[in-house]
There are 4 protein chains.
Amino acid sequence: MKRIAVLTSGGDAPGMNAAIRSVVRTGLYHGLEVLGVRHGYQGLMEGDFIPLDSRSVAGVIHRGGTILYTARSERFKTLEGRDAALNQLRSGSVDGLVVIGGDGSYRGALKLAETGFPVVGIPGTIDNDIAGTDETIGYDSALNTALDSIRKLRDTASSHDRLFIVEVMGRESGFLALEVALASGAECVVLPETQFDECMICDQIHRAWDRKKDHFFIILAEGVMGAHELKARLEDTAGYTARFTVLGYLLRGGSPTCYDTNLATRMGSYSVEMLLDGHEGVMIGCVDHNMMINPLALAWEQKKQLNFDLLELMRIMNV
Amino acid sequence: MKRIAVLTSGGDAPGMNAAIRSVVRTGLYHGLEVLGVRHGYQGLMEGDFIPLDSRSVAGVIHRGGTILYTARSERFKTLEGRDAALNQLRSGSVDGLVVIGGDGSYRGALKLAETGFPVVGIPGTIDNDIAGTDETIGYDSALNTALDSIRKLRDTASSHDRLFIVEVMGRESGFLALEVALASGAECVVLPETQFDECMICDQIHRAWDRKKDHFFIILAEGVMGAHELKARLEDTAGYTARFTVLGYLLRGGSPTCYDTNLATRMGSYSVEMLLDGHEGVMIGCVDHNMMINPLALAWEQKKQLNFDLLELMRIMNV
Amino acid sequence: MKRIAVLTSGGDAPGMNAAIRSVVRTGLYHGLEVLGVRHGYQGLMEGDFIPLDSRSVAGVIHRGGTILYTARSERFKTLEGRDAALNQLRSGSVDGLVVIGGDGSYRGALKLAETGFPVVGIPGTIDNDIAGTDETIGYDSALNTALDSIRKLRDTASSHDRLFIVEVMGRESGFLALEVALASGAECVVLPETQFDECMICDQIHRAWDRKKDHFFIILAEGVMGAHELKARLEDTAGYTARFTVLGYLLRGGSPTCYDTNLATRMGSYSVEMLLDGHEGVMIGCVDHNMMINPLALAWEQKKQLNFDLLELMRIMNV
Amino acid sequence: MKRIAVLTSGGDAPGMNAAIRSVVRTGLYHGLEVLGVRHGYQGLMEGDFIPLDSRSVAGVIHRGGTILYTARSERFKTLEGRDAALNQLRSGSVDGLVVIGGDGSYRGALKLAETGFPVVGIPGTIDNDIAGTDETIGYDSALNTALDSIRKLRDTASSHDRLFIVEVMGRESGFLALEVALASGAECVVLPETQFDECMICDQIHRAWDRKKDHFFIILAEGVMGAHELKARLEDTAGYTARFTVLGYLLRGGSPTCYDTNLATRMGSYSVEMLLDGHEGVMIGCVDHNMMINPLALAWEQKKQLNFDLLELMRIMNV
């Protein structure tokens, strides 16, 4: 193996640049040349490659977003698209590829790997919805950004005796919503993993007002419904007036936390070592603090489990 | 004057607690007793008073929101409501009142003052839409919260070559939108004070894409339209796909900046001195760094002017 | 068990208030009365107890420091002191005690436990130097505060081509120094766990200047020496002029991160359950994401190991 | 005028990059070519020039430090040094120079201007110690960084009933110290502009402990003495044990606040206009929100006055 390439795909996440930097420097350390592929799979098909040396990744460790840009590509889902990508990789003399992204990105990566091309995946998404790793790169940063925002909203909610709905990202899973709900001291969380029960929520609100609480926060995972819809439902069912905020893309930005930065650095470095060790079609994971690999397909074949103990803890904290 | 009261009214703003603390301590310094009125004018009508000593306001200088709570009241707009308030003030032996809030709060304050009751207003709102003062308490904090958020959004927008709309508060005025647009390096700002011109915006976007810019930010003042509406219009007119974020209540929370904290401390202290000097029906302002007073009515009779030089500067910066 | 007490001891750490809140609310949930002991062991000996209900811990989850105050006590190290404490606990009808603090606090806790009084320890210290738990409460927050500070220093160091020494807390261990060194992209770290080698550092600096790096950061664990001493040594040995900053107490303040807040909530709740289950003389730990208990003595009998892989990673990143 | 150059000199300050960006883009807007001079006057003498186009300053508006690097130069204080600089400017066909820095930088700038070369100064320093402008670029950012740090220290100080000394930058003036002391609710401030009185400080501490305050903060301007010295003095005089923190270089880093970013943008743009209008040997100022110019020499000939009202306010707040 003499030359590897790295790309970012899907939604960006804080820490992606730290991962790119680590791939580059570990590659150089092992005597490899490293190319950056810009704009994800789209750039891969178009041969949008740039050489990366140690200086190219100086000063990026703490930056949000991705210096390689990211994109979603329909064409890469087709055989024709993947053939184009393989041609570009071959004509660029690339011997291995590191893909940083979420499970959508892994599906593409696996298709490439199945043709015999060495590909290693690194889990980068704020949603934490990838099995085979305790946390994905960006998750811890997004949690803290969400928490900071909710702490700000608490100031204003408390001053007005308000009912507040905060919608957070997470696609079909509730990792972000649950952890940030517990950490923000929210009164209620609405998750895709549990049955939605409007009456129970209204009942909780009712009891909270009875106990003279000066605010009531509902953290809503986007996978359940939109905040405006939940607001409408609470109004229809029980006449409650709620304010809402959609944190949305805010959660993807900002500098990575210490945890995410080091996770990204460790994963980036490990991915290069796995390529050098001859692994193909695997994704990097961090389980119980240790680096490990799993087949890429694990990312969608196994549903990662929420820690429901946290839900029980929330109930106790709202005693 | 032996006993004064202080209340917060309307939307909360960072720095209100610093202003309350300053009113209390300046009052004590001059040998006055100070009462806090909870829940704004509503609490005033209901006699929801609490005595405030130096310790009651310890540790609140940096807190967002208002420890006295705030509310909006329809009843206080009626003669009956204000009579109820006057009765409560008299039966509580209150000799003067400090009202911290926006221009809506001042209308009520003026009605009270017209009955001969000494009232002084302090401008507290993130919107900065009050004439007679260069800045209102909370404005600088909201600017920085908005700027931090937009800097986060830039990370993700740049990574995706995206068109982004960010809606900020400001009611009928564009102070927040304009200053934060310039400071964030946004490509475009949409203000209530200027003519809305869809085609010009589309034209700007078009030229930016031509120059290979990797993102395009539009800062939208809420007073013009909602972000979803602007998004729809850009799509209809020119087929542009935009993402949007509504910063909303986020901007009201968080610790006040250094500027807001000191502005609040100065205004709070000056308000007590103005009451002691026998002024009635005035609002405190800070003009060219100096404390001054103006009639309360100035807040709505005079429209505060945007600094249009900043708009011209934005144009130059997007050369 | 009908009534329990909780205290904080030793240096404060972000998340202590979240732990207190969790002890209180979990106690109430299980029908217990909960007392707060103020000023650590000193207050314990003096009977400085206050009843804590659910409202007493409202609004404290995100606050730095400890609402119960903390202190160090020489008297409690004596038999007489501990007898005084036991008398206060008995006369206050307290049936169990939760001690939040570091290993110094545990020594006292164990002495109490050895008399038969039920005590459970919760590891709260930014130093992370307690075996039996992957992380202590406050460690993740301190890491992020340190990282934010170093990112700020980087701005100014880069602008001046500067050699910078940053001293961080950690007592006799290098957890904070090592993790933050890796995350900040520092060029060098000086740890108590490794041999100090001045010449090697000078050599690294020399090579960095050769490669035209525009700054060089040394992260120094306080357990090795003071920053001023390292600065003097580098000057004497190789004539290098360094600037230095001592982060010190800054690292103890601020709101806890999401991770620390939830760790504190989990540990606080688990400590009450362990008391109810009849455990005595144990400390709570979080190992591989699971709550567990260990004998208190583990905290000082077993030396917690640094992850030396991170040191190797730093070397690779500085390729 | 066809080509201008811009440099940063002296200590860096948040907002310098925003000023550079504004100089560049305003220059381009008016059809000028713009060169960046690296490493301040040293680079000027060595001809270390780089062409700057609109893209070169993309993405720098929010970054701390200075992309042009800064340095102090003894050689430029000599006639020989300035001749070398003039030769470089002439051989580079540069028709005007913008110098961003503090008063030390202006002395050099004036010497250049006296030879007939058009120079305009922009006040960039966190110390705010330059007459002719209400605020310098970086001052507002440094205030907020200092305030954030002191808020963190308060957490730990309050938890331990502690006496804390915080040393802040400011060279020979107390602007930073005074404003941040008021905003942080500090009990005491020690300024170069007032008589140092140890006994009065001890007396204040004594009275605070009597009133059961749980912490006592002294904000110390570096121009008076070092924090370790003040600590020693309080110990010798009255036996008080104090902790101290030196904020130092931290205050120079971080992203500029909204205020500083816009001040820098306005000043940068105005400096180019002044060059085009034929002004020489002037510095830009912002007085009562308006851009204006003054002779460079004003910076050191006139001593900028502290607002002593704030000192009086501190006394009232500590009632």
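In the set (1) of a type in the set (S, T, N, Q); (2) crowded, with 19+ Cβ neighbours inside 10 Å; (3) more than 10 Å from every other protein chain (Cβ to nearest Cβ), the condition left unmet by residue C:257 is number (3). Kindly indicate whether any position in region A:142-157 is in contact (Cβ under 8 Å) with a residue 60 or more places away in the chain, crowded, with 24+ Cβ neighbours inside 10 Å, under 21 Å from residue A:249 (Cβ atoms) and in contact with a Gly (Cβ under 7 Å, 6 or more places away or on another chain). Yes, region A:142-157 has at least one match. Residue D:121 meets all of the listed conditions (1) in a strand (DSSP E or B); (2) among the small types (Gly, Ala, Ser); (3) closer than 16 Å to residue D:252 by Cα but one, namely (3).
Only one of A:317, A:292 is in contact with a strand residue (DSSP E or B) (Cβ under 6 Å, 6 or more places away or on another chain) and not hydroxyl-bearing (Ser, Thr, Tyr). Can you tell me which? Checking each option against the conditions leaves just A:292.
Listed conditions (1) among the basic types (Lys, Arg); (2) within 14 Å of chain C (Cβ to nearest Cβ); (3) surrounded by 18 or more Cβ atoms within 10 Å (Cβ to Cβ) are all met by residue D:266, apart from (2). Within region C:22-40, if we keep just the residues that are facing another protein chain (nearest Cβ under 8 Å) and either modelled with pLDDT under 95 or open to solvent by less than 10 Å² (accessible area, probe 1.4 Å) (or both), the residue that is nearest to residue C:252 (Cα to Cα) turns out to be C:22.
Could you grab me the full set of residues in region D:138-165 that are outside any helix (DSSP H, G or I), modelled with pLDDT of 95 or more and at the interface with chain C (Cβ under 10 Å from one of its Cβ atoms)?
Answer for region D:138-165, where residues must be outside any helix (DSSP H, G or I), modelled with pLDDT of 95 or more and at the interface with chain C (Cβ under 10 Å from one of its Cβ atoms): just D:164.
Looking across region D:205-217, the residues that are more than 14 Å from chain C (Cβ to nearest Cβ) and buried (at least 17 other Cβ atoms within 10 Å of the Cβ) come down to D:205, D:208, D:216.
Among the criteria (1) open to solvent by less than 30 Å² (accessible area, probe 1.4 Å); (2) within 18 Å of residue C:97 (Cα to Cα), the one residue C:293 does not fulfil is (1). If we keep just the residues of region D:296-307 that are touching a residue at least 24 places away in the same chain (Cβ under 8 Å) and over 20 Å from residue D:105 (Cβ atoms), which is least open to solvent (accessible area, probe 1.4 Å)? The extreme case among them is D:306. Only one of the numbered conditions (1) free of Cβ contacts under 8 Å to residues at least 60 places away in the same chain; (2) in the same structural domain as residue D:33 (by TED's automatic domain parsing) is violated by residue D:120, and that is (1).
Answer yes or no as to whether residue C:167 is charged (D, E, K, R), touching an Asp or Glu at 6+ places or on another chain (Cβ under 8 Å) and buried (at least 24 other Cβ atoms within 10 Å of the Cβ). Yes.
Taken together, the residues in region B:95-107 that are under 21 Å from residue B:50 (Cα atoms) and open to solvent by less than 10 Å² (accessible area, probe 1.4 Å) amount to 7. Please go through region A:41-69 and pick out each residue that is touching a residue at least 60 places away in the same chain (Cβ under 8 Å), open to solvent by less than 10 Å² (accessible area, probe 1.4 Å) and in contact with a Lys or Arg (Cβ under 7 Å, 6 or more places away or on another chain). Within region A:41-69, A:61, A:68 meet the criteria.
In region A:70-106, which residues are of a type in the set (Val, Ile, Thr) and assigned to a loop (DSSP other than H, G, I, E, B)? Step through it out loud before you land on a result.
Looking only at region A:70-106, we keep the residues that are of a type in the set (Val, Ile, Thr), and these are A:70, A:78, A:94, A:98-100.
If the condition is that a residue be of a type in the set (Val, Ile, Thr) and assigned to a loop (DSSP other than H, G, I, E, B), then A:70, A:78, A:94 are the ones that fit.
Checked against the criterion of being facing another protein chain (nearest Cβ under 10 Å), surrounded by 24 or more Cβ atoms within 10 Å (Cβ to Cβ), more than 30 Å from residue D:319 (Cα to Cα) and among the hydrophobic types (A, V, I, L, M, F, W, C), region B:219-239 has no qualifying residue. Within region C:129-137, not a single residue is free of Cβ contacts under 8 Å to residues at least 40 places away in the same chain and open to solvent by less than 20 Å² (accessible area, probe 1.4 Å). Might you let me know whether region D:224-243 holds any residue that is over 26 Å from residue B:265 (Cα atoms), among the small types (Gly, Ala, Ser) and within 28 Å of the chain's Cα centre (by Cα)? Yes. Taken as a whole, the structure leaves residue C:90 outside the set of residues that are at pLDDT 95 or above, touching a helix residue (DSSP H, G or I) at 6+ places or on another chain (Cβ under 7 Å), of a type in the set (Lys, Arg) and assigned by TED's automatic domain parsing to the domain that holds residue C:115.
The values are calculated or read from the model by the stated rules, or taken from the named source; none is laboratory data. Predicted model, so just to flag it, every value in this text is computed and none were measured. In this analysis, Cβ positions are derived from the backbone assuming ideal geometry, glycine residues included, and neighbour counts consider all displayed protein chains. Just the protein is used for accessible areas: all its heavy atoms, side chains included, with ligands, DNA and RNA removed. Shrake-Rupley method; radii C 1.70, N 1.55, O 1.52, S 1.80 Å.
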